[in-house]
Each structure stands twice: as structure tokens, then as C-alpha cells.
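J.: The structure that follows is given in the form of C-alpha cells.
Bear in mind that the values in this text are calculations on the coordinates, not laboratory data. Everything quoted here is computed from the prediction, not taken from an experiment. We place every Cβ from the backbone using ideal geometry, glycine too, and count neighbours over all the protein chains shown.
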Amino acid sequence: MSSKGQPEKAEKAVEKKQQRPQQRAQAKASAPLLEVTPELINRAKREVQKMKYVTPYRLSSVLGVKVSVARKLLRELIRLGVVEARAKNRRLVVAVLKQES
């Protein structure tokens, strides 16, 4: 075994440790939203206008949020009267754009 390999490994380990805080900061910056904010509701309203039907998964894919946040957001959109629930069970809600009459 060569003794040169050990110092190189130690240097690489030190470099990795120094990079970790930077990686954490980047991860926090790109972390998905965990709360339903007014800005998120407005974005969802715009996106829902383009969809034939809305499910939590589709909403989360379009907005880039977690499915749990999309569920909360969909409940809020139903409460506000933007969409109406067509099919609902304990696991899934399928909503459509509310028709103006």
C-alpha cells in the first residue's frame, strides 16, 4: 500500500466537510413550500384555469409543491368556490373548474 493515498483521502474528506454547509443552503433554497400562502393560491387559480380537471397530484406537479400541500390548496380552492369537487373519497379529490351561471 502506498502512503501517498492516505493524505489525499484526508484532504478530500476536509473538502467535502467544507462543501456541506453550502449544499444545505442550496437545498433549503430549493425546498418545496410547506404552507398555503396567498401567492400560492393565486398561482393555483391561474393554473387551474388551464386544466380540465384537478387532482392533488396534478396540482403538485404543476406548482412544484408536495402533494400534502396540494391537498390543502385544493381544499382551499373548493372553499373559495374556484373549483367544485366532482369525485371525493378519503384518499383523493377530483375537482373541476366551477361553471359561471
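J.: Assign unit charges at the C-beta atoms only (+1 for Lys and Arg, -1 for Asp and Glu), then state the dipole size of region 38-97 relative to its Cα centre in Debye, rounded to the nearest 20.
T.: Magnitude of the dipole: close to 220 debye.
J.: Working out 0.36 nm times the residue gap between Leu34 and Lys17, then minus their Cα-Cα distance, what length gain in nm do you get to one decimal?
T.: Computed gain between Leu34 and Lys17 is 3.3 nm.
J.: Check which residues have an amide H placed less than 5 Å from Val83's amide H, if you skip close sequence neighbours.
T.: Those lying under 5 Å, H to H, from Val83 are Ile78, Lys98.
J.: Using only the Cα atoms, what convex hull volume per residue in Å³ does region 38-97 have?
T.: With only Cα atoms used, region 38-97 gives 69 Å³ per residue.
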